[in-house]
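Chemist: Submitted below is the structure of interest, expressed as structure tokens.
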Amino acid sequence: MIDIPMQKIKDMPCYDQNIACYAMSLGRRYEMLFAGSWGFEYREGASEDMVGERIKSRAILNMNYLKRYHGIDVFRSEAGKDDDLIEILERETNRKNPVMVFISCYYYSWNEHYKKFENHIPHAIMVVGVDREKQCIYCLDNMYGQKDSEISFEDFLAGNNGKYWIFSSLPEYTEEVDIEEMVQYCLRKLRRNTNEWKDIEDIRRLGIAMKEDFDLEKEINDLHGGIWVEPIIFNISGILADRLDFARLLSYILEQNQDANLIQVKEHMDKAADSWNQIRGMLIKGHYMEHTDELMKRIIRRVEMVADLEEETAVLLGNWKEKREHENLRQSTEKMPGKEFASIQSIPVEAYFNNQCFGVYQDKKSIRGISGMKHFYFVNDKAKERQWKLRTMEFSHEPVSGKGKDSIMCNGQVIKTDCGIHDCILLMGYGDLCFFEEEIEVQYQDGTCEAIAVQIPDSTLPNPFAEETMIWSGRCGLIDDIEEHTWEVGIYAMAYEIQKKAVENIKLPVCPNVIILAMSFGNYKQ
């Protein structure tokens, strides 16, 4: 039997607790698992749906980070009709690999609803052993304080949903966290790959629904097997737990980096968790009150306050990321290849153009092809030149007319090259609405590949950290509101050293916010 000691953990879902206990039994941490825990979703339901059924946390357990930073691998699968799940559990636990399974409350004896009530909520337990002689499995259930507790084969086979997660420890992992990557992952998740805080807007939608369509007596109706599994209480408990998990992640990060801004983010997240705890507490209290009008006003105010607080937290995190990006860009600019090029060879990319970024000011016909965020760069004299130069870098681009596709919106395109041998690859482009750190893949003729980390500056000016790399500047406007809203923008030139081998292809990143207008190869003067 695998020995996994129980731990005292507050307000953490059952599956998180099991993973944390396993990690600590190995003498390891687990907090990077929670990089995707901060989130919220409100979905529009039918008029008869309860508000509590419309919300969920959108938490994602980041198994890649668990593996990379804590050395714990998780294999997730589901037993088919011909699979012997008991045999799988026995095989893996004999290998000292615990297995997490999911079982109904009706089928494990330490639940108050055992053989009495089915609430259709799968509960996660960690299987640590199998006993063929006693016809039972042994489990860890940290949430209910159960260690090496027994479930009969009969109950387990009747009550599990077939899904299982096999855990194993890896000998090699790193504890040096890429904080910027983690923060970018978190912010993209909150925005749902848009430019708005979608998850936080959904919290505000919950507040509106509570004003317009919330019946506390209907929401907590004692039909689900106890107040803690009523949808509104159960789901808010999950949302609270996710904020606490994200705060745990931040505490772990702060052990490595005592950044004042990250400390402030952690303090805000603690306050957000406390607010959700208060909302849950007031809802439970309201269940036992006769008159709840004033209480509901307080609950709604608290929901509105936590939405504002979480937006402030997201902005703080975004500001930290932007500050780090600018610093990285400054350092990257200092490290850019400074040697003079003996030769520059243009890479033909016109065949890959799928985007129009330039248009003629006040010419509606010229901007018909503008898509995406519906803004365009104004054609100026510089844009009409065939050769674009910055210091020793040079690019070739057909004179811009503002009446057709002139750039590549990156979506993983593979650019065929001449197979020549070069010192550097040169890019001319910009980040649409944001700074981006991506990778391009250089594919060599000998079959090898190299991932080149590239930093694409935000097009919006002023951008003092990108001045040394700016190859073009001008103005930009919205196609429907040019007179009212225009702003300064820039295009940048970047050079990255590559291996001195024959290059066959260049694969662009899958990131439509990265816009490439031209590419070249460079060879240094000897």
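Chemist: What pairs come out if I take residues in segment 467-478 that are over 12 Å from residue 388 (Cα atoms) and pair them with residues that are polar (S, T, N, Q) and in a strand (DSSP E or B) whose C-beta lies under 7 Å away, six or more apart or interchain?
Modeler: Partner pairs satisfying both residue conditions: 475/486; 476/486; 477/486.
Chemist: Within segment 342-371, how many residues turn out to be surrounded by fewer than 19 Cβ atoms within 10 Å (Cβ to Cβ) and closer than 30 Å to residue 524 by Cα?
Modeler: Residues meeting the conditions: 8.
Chemist: Sticking with this structure for a sec: Considering only residues that are without any contact (Cβ under 8 Å) to a residue 40 or more places away in the chain and either on the phi > 0 side of the Ramachandran plot or among the hydrophobic types (A, V, I, L, M, F, W, C) (or both), which ones fall in segment 180-233?
Modeler: Once the filter is applied, which keeps residues that are without any contact (Cβ under 8 Å) to a residue 40 or more places away in the chain and either on the phi > 0 side of the Ramachandran plot or among the hydrophobic types (A, V, I, L, M, F, W, C) (or both), segment 180-233 yields 192, 193, 208, 222, 223, 228.
Chemist: Output the number of the condition that residue 132 fails; it satisfies all remaining conditions of (1) over 30 Å from residue 318 (Cα atoms); (2) touching a residue at least 60 places away in the same chain (Cβ under 8 Å).
Modeler: (2)
Chemist: Step by step: first the residues of segment 70-82, then only those that are more than 28 Å from residue 178 (Cα to Cα) and charged (D, E, K, R), then the one that is surrounded by the most Cβ atoms within 10 Å (Cβ to Cβ). Which residue is that?
Modeler: Within segment 70-82, the match that is surrounded by the most Cβ atoms within 10 Å (Cβ to Cβ) is 78.
Chemist: Mind checking which residues of segment 159-191 are under 27 Å from residue 453 (Cα atoms), surrounded by fewer than 18 Cβ atoms within 10 Å (Cβ to Cβ) and of a type outside the set (A, V, I, L, M)?
Modeler: Passing the criteria: 172, 173, 174, 175, 176, 178, 180, 181, 185, 188, 191.
Chemist: Name the residues in segment 234-252 that are in contact (Cβ under 8 Å) with a residue 60 or more places away in the chain, touching a helix residue (DSSP H, G or I) at 6+ places or on another chain (Cβ under 6 Å) and of a type in the set (A, V, I, L, M), would you?
Modeler: 236, 239, 240, 244, 249
Chemist: Scan segment 372-400 for residues that are modelled with pLDDT under 80 and either surrounded by fewer than 13 Cβ atoms within 10 Å (Cβ to Cβ) or in contact with a strand residue (DSSP E or B) (Cβ under 7 Å, 6 or more places away or on another chain) (or both) and report the count.
Modeler: Here is the first cut: in segment 372-400, the ones modelled with pLDDT under 80 are 372-374.
This time we only want the ones that are either surrounded by fewer than 13 Cβ atoms within 10 Å (Cβ to Cβ) or in contact with a strand residue (DSSP E or B) (Cβ under 7 Å, 6 or more places away or on another chain) (or both), so: 373-374.
The qualifying residues number 2.
Chemist: Please determine, by comparing only the residues of segment 1-26 that are in a loop (DSSP other than H, G, I, E, B) and among the β-branched types (Val, Ile, Thr), which one is surrounded by the fewest Cβ atoms within 10 Å (Cβ to Cβ). Step through it out loud before you land on a result.
Modeler: Applying the first criterion (in a loop (DSSP other than H, G, I, E, B)) to segment 1-26 yields 1-13, 26.
Next, from what is left, pick out any that are among the β-branched types (Val, Ile, Thr): 2, 4, 9.
On the way: 2: 21, 4: 21, 9: 15.
For segment 1-26, the residue satisfying everything is 9.
Chemist: Output yes when any residue across segment 264-273 is surrounded by 15 or more Cβ atoms within 10 Å (Cβ to Cβ), without any contact (Cβ under 8 Å) to a residue 60 or more places away in the chain, among the polar types (S, T, N, Q) and under 20 Å from residue 306 (Cα atoms), and no when none is.
Modeler: Yes, there is a match, as at least one residue in segment 264-273 is surrounded by 15 or more Cβ atoms within 10 Å (Cβ to Cβ), without any contact (Cβ under 8 Å) to a residue 60 or more places away in the chain, among the polar types (S, T, N, Q) and under 20 Å from residue 306 (Cα atoms).
This table checks each residue for (1) buried (at least 16 other Cβ atoms within 10 Å of the Cβ); (2) within 19 Å of the chain's Cα centre (by Cα).
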position: 31; (1), (2): yes, yes
position: 34; (1), (2): yes, yes
position: 42; (1), (2): yes, yes
position: 55; (1), (2): yes, no
position: 63; (1), (2): yes, yes
position: 68; (1), (2): yes, yes
position: 84; (1), (2): no, no
position: 88; (1), (2): yes, no
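Chemist: Okay, moving on. Any residue that is under 18 Å from residue 380 (Cβ atoms) and either at pLDDT 85 or above or not hydrophobic (A, V, I, L, M, F, W, C) (or both) - is there at least one of those in segment 494-514?
Modeler: Residues of segment 494-514 under 18 Å from residue 380 (Cβ atoms): none.
The answer is no; no qualifying residue exists.
Chemist: Looking only at segment 264-276, decide whether some residue is within 30 Å of residue 113 (Cβ to Cβ) and in a helix (DSSP H, G or I).
Modeler: Within segment 264-276, one or more residues are within 30 Å of residue 113 (Cβ to Cβ) and in a helix (DSSP H, G or I).
Chemist: Could I ask something else about it? Filter segment 306-324 for residues that are modelled with pLDDT under 90 and either more than 17 Å from residue 190 (Cβ to Cβ) or among the small types (Gly, Ala, Ser) (or both) and give the result. Walk me through it before giving the result.
Modeler: Step one: of segment 306-324, the residues modelled with pLDDT under 90 are 318-324.
Those that are modelled with pLDDT under 90 and either more than 17 Å from residue 190 (Cβ to Cβ) or among the small types (Gly, Ala, Ser) (or both): 318, 323, 324.
Chemist: Please count how many residues of segment 15-26 are at pLDDT below 95 and either in contact with a Phe, Trp or Tyr (Cβ under 7 Å, 6 or more places away or on another chain) or in the same structural domain as residue 200 (by TED's automatic domain parsing) (or both).
Modeler: Of the residues in segment 15-26, 0 are at pLDDT below 95 and either in contact with a Phe, Trp or Tyr (Cβ under 7 Å, 6 or more places away or on another chain) or in the same structural domain as residue 200 (by TED's automatic domain parsing) (or both).
Chemist: Which condition breaks for residue 142 when tested against (1) over 29 Å from the mean Cα position of the chain (by Cα); (2) buried (at least 18 other Cβ atoms within 10 Å of the Cβ); (3) not β-branched (Val, Ile, Thr)?
Modeler: In the conditions (1) over 29 Å from the mean Cα position of the chain (by Cα); (2) buried (at least 18 other Cβ atoms within 10 Å of the Cβ); (3) not β-branched (Val, Ile, Thr), residue 142 misses (1) alone.
Chemist: What number of residues within segment 147-176 satisfy the criterion of being under 27 Å from the mean Cα position of the chain (by Cα) and assigned to a strand (DSSP E or B)?
Modeler: Counting residues in segment 147-176 that are under 27 Å from the mean Cα position of the chain (by Cα) and assigned to a strand (DSSP E or B) gives 7.
Chemist: Right, next: Which residues, counting only those in segment 401-435, are under 22 Å from the mean Cα position of the chain (by Cα) and surrounded by 22 or more Cβ atoms within 10 Å (Cβ to Cβ)?
Modeler: The answer is 409, 410, 431, 432, 435.
The values are calculated or read from the model by the stated rules, or taken from the named source; none is laboratory data. For clarity, every value in this text was computed on a predicted model and none was experimentally measured. With ideal geometry, Cβ positions are generated from the backbone for all residues, glycine too; neighbour counts draw on all protein chains shown.
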